[in-house]
Amino acid sequence: MKAALLSGGSISSKWTFEAMKKHFDEVDDLRIKKIEVVMAGKSLEVLYEGKPLPHYDCIYAKGSFRYASVLRTLTSVLYGETYFPLTPVSFSLGHDKLLTHLELQRHKIHMPKTYVASTDSAKAILDKVSYPIVMKFPSGTQGKGVMFADSFSSASSMLDALVALKQPFIIQEYIETSGVDIRAIVVGDKVVACMKRKAVEKEKRANIHAGGKGEPYFASPEVRKLAVDTAKAIGAEICAVDILESPKGALVIEVNLSPGLQEITTATKTDVASKIAKYLYDRTDEFLSSTKKTGAAKIMQELGIEKDEENPLITTLDMRSGRILLSKILTDKTGFDDKSDVVIKAEKNRLLIEKFK
């Protein structure tokens, strides 16, 4: 099987690429910046470095919110022909915090109370919320674009600055956890690694890039289920889910479609990249098997043959001296015998046999 890792070339991506090489027959390390999708009405083409992108059985495409449109376009074009662990819509949902929260709300997944309002009504929200509060940009990673306001005056000043800069924002209740959150790496229907992140002194963000420190954490069944349900809600088979444990229970605060692996690998002593690579291989194998069965079923449908669930008709040919011998299943199904007159239509990759009436 042939696979490709499409990414920005981070250390985590390099680890994943090396792990994928241990499973797939061939793996290419591709860069998002070199991808182009050309649409011209009647034709549509995906290019890499100006040349047609080769066919891959599996493409693990990942990157920051800056590449969300490219990643969604690429997966939309090739989805169904190639196995992708992230669906096209996941790149829109997962890279926009507002859309993430809307989808979590739709699936009734617990999260902090979140407010979205026009500039005119945002001041009214600041009047009624309890402080401190969190103000977020819809896009951003590594804790960037997340601000804390401990009073109406500080929140109002932030709001004025955001309005002046024409920046969209989300207002969210602050959950006191002493600067601690949980990061769970979801692969398929399992949490393969989980760590607790602790913010440095005078910092409320527990993100590693904001100075937070990770340590291994054994997540409760509730937290694990919440992480897996969140990944499914946004259409991602591989992602990180950030969770707060509060008096209200576990709450999802963010989803990361391209999580860093260094800290969680070190903290948990789990080879996360290898687990991802093995999952990609297994799912690609399932995808190819499913594609073959679907193709065979389509051919049978075109031939007017219904599938018998108890006696499947997908089989190899019995060839004797260049002749095809029909199996008993087929002769019983069709009623053919050595006295039947038949009409045979043959073309490349297709053979149609009908009784002559």
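For region 23-53, what are the residues that are part of a loop (DSSP other than H, G, I, E, B) and loosely packed, with under 12 Cβ neighbours inside 10 Å?
Of the residues in region 23-53, the ones part of a loop (DSSP other than H, G, I, E, B) are 23-25, 40-43, 49-50, 53.
Correct list: ASP25, ALA40, GLY41, LYS42, SER43, GLU49, GLY50.
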Completion exercise
All conditions in (1) modelled with pLDDT of 95 or more; (2) in contact with a Phe, Trp or Tyr (Cβ under 9 Å, 6 or more places away or on another chain) are true of ALA267 except (1)
Handout entry: Neighbours by Cβ (under 9 Å, 6+ apart or cross-chain): first from region 267-280, in the same structural domain as ILE59 (by TED's automatic domain parsing); second of a type in the set (Gly, Ala, Ser)
Key = none
Handout entry: Top-ranked residue of region 128-142 - restricted to ones that are over 17 Å from VAL163 (Cα atoms) and of a type outside the set (Lys, Arg), ranked as modelled with the lowest pLDDT
Key = GLN142
Practice task
Could you please find all residues in region 152-166 being more than 18 Å from SER130 (Cβ to Cβ) and either assigned to a helix (DSSP H, G or I) or in contact with a strand residue (DSSP E or B) (Cβ under 8 Å, 6 or more places away or on another chain) (or both)?
Solution key: SER157, ASP160, ALA161, LEU162, VAL163, ALA164
Exercise for the section: Give region 18-53 a look and list any residue that's in contact (Cβ under 8 Å) with a residue 40 or more places away in the chain and more than 18 Å from ALA277 (Cα to Cα), or say none. Expected result: VAL37
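Here is a check on your reading of the model: is VAL27 β-branched (Val, Ile, Thr) and modelled with pLDDT under 95?
So VAL27 fails the test.
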Problem - Residues that are surrounded by fewer than 19 Cβ atoms within 10 Å (Cβ to Cβ) and not basic (Lys, Arg), drawn from region 269-278 - result: THR270, ASP271, SER274
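With the structure loaded, tell me whether GLU103 is of a type outside the set (Lys, Arg) and assigned by TED's automatic domain parsing to the domain that holds ARG31 or whether it fails that test. Don't jump to the end; show me each part of the working.
Working: of a type outside the set (Lys, Arg): yes; assigned by TED's automatic domain parsing to the domain that holds ARG31: no.
For GLU103, the condition - of a type outside the set (Lys, Arg) and assigned by TED's automatic domain parsing to the domain that holds ARG31 - is not met.
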Fill in the blank from the handout: Exception for ARG72 within (1) charged (D, E, K, R); (2) crowded, with 16+ Cβ neighbours inside 10 Å; (3) in a strand (DSSP E or B) falls at (3)
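Yes/no per residue for (1) in contact with a Phe, Trp or Tyr (Cβ under 7 Å, 6 or more places away or on another chain); (2) at pLDDT 85 or above:
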{"position": "ILE125", "(1), (2)": "yes, no"}
{"position": "ALA155", "(1), (2)": "no, no"}
{"position": "VAL192", "(1), (2)": "no, yes"}
{"position": "ALA210", "(1), (2)": "no, no"}
{"position": "LEU226", "(1), (2)": "no, yes"}
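The values are calculated or read from the model by the stated rules, or taken from the named source; none is laboratory data. No experiment lies behind these values; they were computed from the predicted model shown. Neighbour counts are summed over all protein chains in view; Cβ atoms, including those assigned to glycine, are modelled from backbone coordinates with ideal geometry.
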